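S.K.: For reference, the structure I am asking about is given below.
The values are calculated or read from the model by the stated rules, or taken from the named source; none is laboratory data. Since this is a predicted model, take the numbers as computed values, not measurements. Heads up, the Cβs are rebuilt from the backbone with ideal geometry, glycines too, and the neighbour counts pull from every protein chain shown.
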């Protein structure tokens, strides 16, 4: 087997010789590339190696961006000023890489204005076309008409 590592003369050794070298240094013999010809082994402190690997994984996980779902609520007769205010918030959410859940909440008898809710959400999706893409058409679930908008990929 080919032996590599710190404080080790690289070369091809028998298994017994490699184990002896590792034992002399109070380290472990770890097989790195078993399919190579001859197989490659490294003399390292295996516990330290595992600790470093775990630490790298933890750092990578901490650096990941977690995508949140931000909600924006409309009424069926939402005024232009309120609409524009909520549209700006949705644009900011999408720029940050978050999903937006937009819904029209029908209260009492306002459920008869379903068409207004659909038009409002369609207009909302069209205005956000530059920042994100609507995942689905508006659907009515109970007293809510819901639509999701996903951010465009930032490459």
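S.K.: Exactly one condition in (1) part of a helix (DSSP H, G or I); (2) modelled with pLDDT of 85 or more is not met by residue 73; state its number.
M.R.: Failed condition: (1).
S.K.: Output the residues belonging to the stretch 76-97 that are within 18 Å of residue 138 (Cα to Cα) and in a helix (DSSP H, G or I). Don't jump to the end; show me each part of the working.
M.R.: So the first thing to find is which residues in the stretch 76-97 are within 18 Å of residue 138 (Cα to Cα), and the list is 76-78, 83, 86-87, 90.
Of everything in the stretch 76-97, those that are within 18 Å of residue 138 (Cα to Cα) and in a helix (DSSP H, G or I) turn out to be 83, 86, 87, 90.
S.K.: Let me ask another. Kindly establish whether residue 50 is in contact with a strand residue (DSSP E or B) (Cβ under 7 Å, 6 or more places away or on another chain) and either in a helix (DSSP H, G or I) or surrounded by 13 or more Cβ atoms within 10 Å (Cβ to Cβ) (or both).
M.R.: No: the conditions fail for residue 50.
S.K.: Oh, and also: Among what's in the stretch 129-141 and is under 25 Å from the mean Cα position of the chain (by Cα) and surrounded by fewer than 20 Cβ atoms within 10 Å (Cβ to Cβ), pick the residue that is nearest to residue 77 (Cα to Cα).
M.R.: That would be 137.
S.K.: Look at residue 56 and say whether it is modelled with pLDDT of 90 or more, surrounded by fewer than 13 Cβ atoms within 10 Å (Cβ to Cβ) and under 26 Å from the mean Cα position of the chain (by Cα). Working first, answer last.
M.R.: On the way: modelled with pLDDT of 90 or more: yes; surrounded by fewer than 13 Cβ atoms within 10 Å (Cβ to Cβ): yes; under 26 Å from the mean Cα position of the chain (by Cα): yes.
When the stated conditions are applied, residue 56 passes them.
S.K.: Please state which one of 96, 129, 115 is out of contact with any helix residue (DSSP H, G or I) (no Cβ under 8 Å at 6 or more places or on another chain) and within 20 Å of residue 65 (Cβ to Cβ).
M.R.: Step by step, each of 96, 129, 115 is checked, and only 96 is out of contact with any helix residue (DSSP H, G or I) (no Cβ under 8 Å at 6 or more places or on another chain) and within 20 Å of residue 65 (Cβ to Cβ).
S.K.: If I ask for residues that are loosely packed, with under 13 Cβ neighbours inside 10 Å and modelled with pLDDT of 90 or more, which ones from the stretch 93-128 would you list?
M.R.: If the condition is that a residue be loosely packed, with under 13 Cβ neighbours inside 10 Å and modelled with pLDDT of 90 or more, then 123, 126 are the ones that fit.
S.K.: With (1) at pLDDT 90 or above; (2) surrounded by fewer than 16 Cβ atoms within 10 Å (Cβ to Cβ); (3) over 27 Å from residue 143 (Cβ atoms) as the list, and residue 43 as the residue in question, which single condition is left unmet?
M.R.: The single condition residue 43 does not satisfy is (2).
S.K.: Okay, moving on. Given the condition part of a loop (DSSP other than H, G, I, E, B) and not assigned by TED's automatic domain parsing to the domain that holds residue 16, answer yes or no: does some residue in the stretch 103-123 qualify?
M.R.: yes
S.K.: Against the conditions (1) in contact (Cβ under 8 Å) with a residue 40 or more places away in the chain; (2) surrounded by 16 or more Cβ atoms within 10 Å (Cβ to Cβ), where does residue 144 fall short? Just the number, please.
M.R.: (2)
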